[in-house]
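Data first, discussion second: the structure below is written as structure tokens.
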Amino acid sequence: VQLQASGGGLVQAGGSLRLSCAASGSIFRIISMGWYRQAPGKQRELVAVITSGPRTNYADTVKGRFTISRDNAKNTVYLQMNSLKPEDTAVYSCNIRSIWNGDYWGQGTQVTVSS
């Protein structure tokens, strides 16, 4: 199973992007689906995660601006990003965690926010 992320790009500050991450096959017993990001020279950080329930958790830096959602039937996770800031510039990677198979990672998609 592979994860395919899409939706990144270049946007001006204050703009919006929607990231999508779809699994190429079925993943069973999913614990969580989430998005991480890594900016140049920085460690990878959790942006948002959604678990069964669904329950969501966001990094403080994106609360109120980003929304994570999921489509269980499609094994797809989304990240709606509004009011983007230059400091949101990073490579965004999706993650799906399964009880049976551990972590699946997408290839990453570049998000660049210009000031």
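Every residue, every condition in (1) in contact with a Gly (Cβ under 9 Å, 6 or more places away or on another chain); (2) within 25 Å of Gln2 (Cβ to Cβ), yes or no:
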site: Leu19; (1), (2): yes, yes
site: Glu45; (1), (2): no, yes
site: Thr61; (1), (2): no, no
site: Gln80; (1), (2): no, yes
site: Asp88; (1), (2): no, no
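Looking at the range 2-44 only, could you name the residues that are buried (at least 18 other Cβ atoms within 10 Å of the Cβ) and β-branched (Val, Ile, Thr)?
Ile30
With the checklist (1) surrounded by 15 or more Cβ atoms within 10 Å (Cβ to Cβ); (2) touching a residue at least 24 places away in the same chain (Cβ under 8 Å); (3) not polar (S, T, N, Q) in hand, flag the one item Ala59 doesn't pass.
Status for Ala59: all satisfied but (2).
List the number of the failed condition for Ala22; all other conditions in (1) part of a loop (DSSP other than H, G, I, E, B); (2) in contact with a helix residue (DSSP H, G or I) (Cβ under 8 Å, 6 or more places away or on another chain) hold.
Just one mismatch for Ala22, condition (1).
Here is a yes/no grid of residues against (1) under 12 Å from the mean Cα position of the chain (by Cα); (2) surrounded by fewer than 15 Cβ atoms within 10 Å (Cβ to Cβ); (3) modelled with pLDDT under 95:
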residue: Phe66; (1), (2), (3): yes, no, no
residue: Ala73; (1), (2), (3): no, yes, yes
residue: Ala90; (1), (2), (3): yes, no, no
residue: Trp100; (1), (2), (3): no, yes, yes
residue: Val113; (1), (2), (3): no, no, no
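The values are calculated or read from the model by the stated rules, or taken from the named source; none is laboratory data. Since the model is a prediction, treat every value here as computed from it, not as a measurement. Cβ atoms come from the backbone with ideal geometry, glycine included; neighbour counts cover every protein chain shown.
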